[in-house]
Amino acid sequence: MSTITRDGERLQRGSLGLSQIIASTLANIAPAMSFFFGFGLIVGGAGVGAPLTILCAMVVILFLTNTLAEFSKYRPSTGSFVTFIGMTFGPVAGAAASIFVVVGYCIAAASVVVISGGWAASTLQIFLGVNVPWQVLSVVVTAIVGLLVSRGISLSTTWAAIFFYFELFLLLVGAVVMLVVNHAAISWAPLLVSSVTGGWKGIGLGFPLAIYLFIGWENSAMLAEETTNPRRNVPRALITGTLSIGILYMFLAFATETAFHNNLAAISASTIPFVDAFKVSAASLLIVAYIAGVTSIFSSLIGLTNAQARILFSSSREGLLPVFFGKIHPQHKTPHAAMWTYILVALGIVLVFGYIYDIDPVALFEDTGTLGTIPVIVTYLLTNLALPVYMLRKHREDFSVIRHLILPLAGTGAMLFPLWGLVQPGQPFPFNIYPYMALGLFVLSLIYGAVLAKSKPDLVHRIGSYVADEEY
């Protein structure tokens, strides 16, 4: 192996425990934000049986958590998907993945930035009668989050956890209030297969959106280097976070549909079913739902910036991207260059399309969320395919047909459904051009990977050389 300088390139190890990375993961998923804007669309596909679509999505995500958990047991890395793909398929694939998934994550992060301003503006206008441009509020939130995450992983993760658990408390209060007020309408209907519109086809229609509810489940894998005993705690956090959020979503879905008395037409006509159901059930407490949305969005932005920017940092440290992104703050030990670049680019996307082109924040949320999710799902698929190859090449003696072959292949097959939902022909503009934009990014990423691998012969040794819990 070629000599690699690692002085000053390590993150602050042992800073996070199991409970902290679970909280960071759940904060990144942002259940209030995701459920508020996603559930109505899932109902549009699956009908009153929408909770079963969420259950199916949870099972599929668990297939994916198995893949990251297995990789993390053998080679825990802040580089996560990029490192795992690169170690398995070589430097061209690793370098290409570094561009492909980081750009995808950055575009998806723009959806959180834009809705942070949009939701905050709506909250101020409804409850205080104050009108502040949502673009201004997006800038303010971005600046606060950037300063917070650059000050230290423990500090920012603690705040993300505080906001998340407050959000969780408010969501549960809202759901319980809806069930109590509408107790006469409680039935098993939301959990019956017969309630699904069109059977399995109906579940399939809502499946891509149900998968989107879970985006962020992979957060803890990217925090491996700063986590105590990452080979044990990262897999636990991945599984615990996915199960917890899936159960929460199903409970919120059940409560929301009960508040609507399982009236499919009424739910489908609502833009934000949870908020509208809460308004009808307890209008005087409506602010609870809006505050839950604010805290959800803020904690999500902290969580995703902390985690996803670390892939940018790790890719730079391993030689896949320019060295600038691999800088660590001398005092706070955070990858501040990668973090600020990541969140400011996301903000730039929002300001260009939200201010110059005057796109509505909800519409821009849907646009950036859809476009950004395509590269992320493709990366999920590639990582799933990488696991059996990696295990057979590096750890054949530990190879398990179930864990290392059947589950990854099952997850890959299942993820083709949401991917098809995002790229299928016949979609309205601008969604019909997003598959071509993602394909263009994929081709450019491969070209970049090929050029870089040829110019850096030692790249094959650098990928995966920074193991989270090993001393150098």
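Throughout, read-outs are computed from the coordinates displayed, never taken from laboratory work. Since the structure is predicted, the reported quantities are computational estimates derived from the model, not experimental observations. Virtual Cβ from ideal backbone geometry, glycine too; neighbours counted across all protein chains shown.
Radius of gyration over Kirkwood radius for the range 214-272, both on Cα atoms: the Rg/Rh ratio is 1.24.
The order of Phe63, Phe169, Phe39, going from fewest to most other C-beta atoms within 10 Å of their C-beta, is Phe169, Phe63, Phe39. Between the range 370-426 and the range 85-150, the C-alpha centres lie 25 angstrom from each other.
Given an 8 Å cut-off on Cα distances and at least 6 residues of separation, report the relative contact order of the range 27-169 as a percent.
Values: 69 pairs, mean separation 24.6, N = 143.
Result for the range 27-169 is 17 percent.
Beyond 17 Å, what share of the Cα-Cα pairs of the range 343-390 is found? Please give it as a whole percent.
Details: 546 of 1128 pairs.
Above the 17 Å cut-off, the range 343-390 has 48 percent of its Cα pairs.
The peptide list 314-321, 342-349, put in order of mean Cβ contacts within 10 Å with the highest first, becomes 314-321, 342-349.
Which whole-number percentage describes the relative contact order of the range 331-472, with Cα contacts under 8 Å and a sequence gap of 6 or more? List each step's numbers first, then the result.
Values: 51 pairs, mean separation 29.9, N = 142.
Over the range 331-472, the number comes to 21 percent.
Each of (i) 1.15; (ii) 0.94; (iii) 1.00 is a candidate for Cα Rg over 2.2 N^0.38 Å; the one calculated from this structure is (ii).
Highest average first, the peptides 285-296, 23-34 ordered by how many other beta carbon atoms sit within 10 Å of their residues are 23-34, 285-296. The helix-only estimate of mean residue ellipticity at 222 nm for the chain, built from DSSP H runs of length n ≥ 4 each weighted as -39500 (n - 2.57), is -24000 deg cm²/dmol after division by the residue total. Report, by chain and number, residues whose modeled amide H sits under 5 Å from the one on Val196, excluding near sequence neighbours (fewer than 5 apart, same chain). Here the answer is Gly49, since their amide H atoms fall under 5 Å of that of Val196. The range 49-82 and the range 276-307 have Cα centres lying 25 Å from one another.
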